[in-house]
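Contents: one structure, followed by commentary.
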Amino acid sequence: MTLELTQQEEAMLEGEYGRATQKAMEILTALGEIYGAERMLPVTSVQISGVSYANLGEPGLKFLNDLAKDGKVRVLTTLNPAGMDLQEWEKLGIAEDFAKNQLRVIEAFRKMGVVTTATCTPYLVGNIPHYGEHIAWAESSAVAFANSVIGARTNREGGPSALAAALTGRTPAYGYHLDENRKPQVVIQFEGELKSVRDFGALGKAIAEVAKGKVVYIKGIRSASIEELKGFSASIATYGGVGIYHIEHITPEWKEYPIPKETIELGQKDVKRHIEEMSDELEEIDFVTIGCPHTSLREIEIIAEMLRGKKVTKEMWITTSRPVKEIADQMGYTKIIETAGAKIAADTCAVVAPIKGRFKGMVTNSAKACYYARGRNNFKVQIKPLKEVIQEATR
Ligand code: F3S
């Protein structure tokens, strides 16, 4: 099989559209050849990861600045969270040196025409594809959400391949772009009740453990809010490395494919076991965080109501996108939350911010945040439903 390019794609590869587009097309054709793609697909939306200066460093920044000399994105493109709140970084205790470098990274993206909204929930703030659309998103939780909940089609891009897709408007046709890789391979029969984002996160982890990389078709979930699906997508992608799932009666492609014969049963006790697995013995709780993936407006409203008239006794971050924060400002939610002593941190999150080792014990409602807080930041963790997270913060 060979990768066939259109005339325009050939011209991009020959450098007729400039050096950055040429470099981008080189990346994409190399990827296409590795994965046996026969052609490129036009994409309509891109989400770029690897935005934190903590991950990029000077070599990453140089790569971006080189592309920014003549590169311009061809489709709507947004960014994953950066290493800090891009406006109020001081309130999060971020060092000035780091802040300067982080802003250089954002400037390079801005030069290329990227919308510098830094969020892992682009689908909540205007970068929202429709069913069946081909897109190129990095950020595993958003990829699982886009493929599964929206029914758009994207692989789990890395930062460079997503940027290359943005600069060319193309992605190679392989993986989740093709029907054959979206088909469920195993049924998960769930018996039990899921009452919170915490429970959905624990189920995502439980499924990841038993499905072993297969695409799942889940039976037994009666209803799910966008917030619960957001948390579930993050969990199943983090613990299982899979970028698509189907839930009977809930996700849009559930009727599209034959139902697999192999069935694995999971129940309430599995959810409980995985909650326990994500709950360390804590000597001290000094950090509380909500917003992995970034909080929706509805979640911020609920948090504000819970914090009204109270005072937090620990460092508490509610991480979200800038547009959601701005609506929260308008609605007075930010004021209530800040009066309670908590912080709304826009553009960043507790995983990509440079806070390794700064706290001892963290409480959250997010299964994904538990994974990275332990592995990357050396914190001990506990996972609780939102209401109990808030109680912990104000205890
Ligand atoms: Fe988003 Fe950071 Fe979690 S990027 S999904 S809040 S680890």
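The values are calculated or read from the model by the stated rules, or taken from the named source; none is laboratory data. In this text, all values refer to a predicted model and were calculated from it rather than measured experimentally. Because the Cβ atoms are built from the backbone with ideal geometry, glycine has one as well, and the counts that use them run over all protein chains shown. Please note that ligands, DNA and RNA were not included when accessible areas were found on the heavy atoms of the full protein model with its side chains. Shrake-Rupley method; radii C 1.70, N 1.55, O 1.52, S 1.80 Å.
The set of residues from the range 201-238 being of a type in the set (A, V, I, L, M, F, W, C), over 30 Å from Gly36 (Cβ atoms) and within 14 Å of the ligand (Cβ to nearest atom) comprises Leu229, Phe232.
What do you reckon, is Thr251 touching a residue at least 60 places away in the same chain (Cβ under 8 Å), of a type in the set (Val, Ile, Thr), surrounded by 15 or more Cβ atoms within 10 Å (Cβ to Cβ) and touching a Phe, Trp or Tyr at 6+ places or on another chain (Cβ under 6 Å)? Answer is no for this residue.
Could you list all residues from the range 113-136 that are of a type in the set (A, V, I, L, M), over 20 Å from Ala164 (Cβ atoms) and assigned to a loop (DSSP other than H, G, I, E, B)? If you could, list the steps in order and put the result at the bottom.
If we filter the range 113-136 for residues that are of a type in the set (A, V, I, L, M), which is where we start, we get 114-115, 118, 124-125, 128, 135-136.
Within this subset, residues satisfying the condition of being over 20 Å from Ala164 (Cβ atoms) are 124-125, 128.
Val125, Ile128 - these are the residues of the range 113-136 that are of a type in the set (A, V, I, L, M), over 20 Å from Ala164 (Cβ atoms) and assigned to a loop (DSSP other than H, G, I, E, B).
Test of understanding: among Ile135, Ile128, which residue is open to solvent by less than 10 Å² (accessible area, probe 1.4 Å), of a type in the set (A, V, I, L, M, F, W, C) and more than 16 Å from the ligand (Cβ to nearest atom)? Give the derivation first.
Numbers: Ile128 fails: open to solvent by less than 10 Å² (accessible area, probe 1.4 Å).
Exactly one of Ile135, Ile128 is open to solvent by less than 10 Å² (accessible area, probe 1.4 Å), of a type in the set (A, V, I, L, M, F, W, C) and more than 16 Å from the ligand (Cβ to nearest atom), namely Ile135.
Only residues that are under 18 Å from the mean Cα position of the chain (by Cα), within 16 Å of the ligand (Cβ to nearest atom) and open to solvent by less than 40 Å² (accessible area, probe 1.4 Å): list them for the range 104-124, please. Selection gives Thr116, Thr117, Ala118, Thr119, Cys120, Thr121, Pro122, Tyr123. Residue selection: Ser296 fails the criterion of being hydroxyl-bearing (Ser, Thr, Tyr) and open to solvent by 20 Å² or more (accessible area, probe 1.4 Å).
Of a type in the set (A, V, I, L, M, F, W, C), open to solvent by less than 30 Å² (accessible area, probe 1.4 Å), modelled with pLDDT of 95 or more and more than 16 Å from the ligand (Cβ to nearest atom): is that true of Ala82 in this structure?
Numbers: of a type in the set (A, V, I, L, M, F, W, C): yes; open to solvent by less than 30 Å² (accessible area, probe 1.4 Å): yes; modelled with pLDDT of 95 or more: yes; more than 16 Å from the ligand (Cβ to nearest atom): no.
When the stated conditions are applied, Ala82 does not pass them.
Look at Leu13 and say whether it is in a helix (DSSP H, G or I) and surrounded by 14 or more Cβ atoms within 10 Å (Cβ to Cβ). It is true that Leu13 is in a helix (DSSP H, G or I) and surrounded by 14 or more Cβ atoms within 10 Å (Cβ to Cβ).
Of all residues in the range 174-213, those satisfying the criterion of being within 30 Å of Leu3 (Cα to Cα) and assigned to a loop (DSSP other than H, G, I, E, B) are Tyr174, Leu178, Arg182, Lys183, Pro184, Gln185, Gly213. Quick check on my filter: what residues within the range 322-367 are of a type in the set (Lys, Arg) and under 30 Å from Asp280 (Cβ atoms)? Answer for the range 322-367, where residues must be of a type in the set (Lys, Arg) and under 30 Å from Asp280 (Cβ atoms): Lys343, Lys356, Arg358, Lys360.
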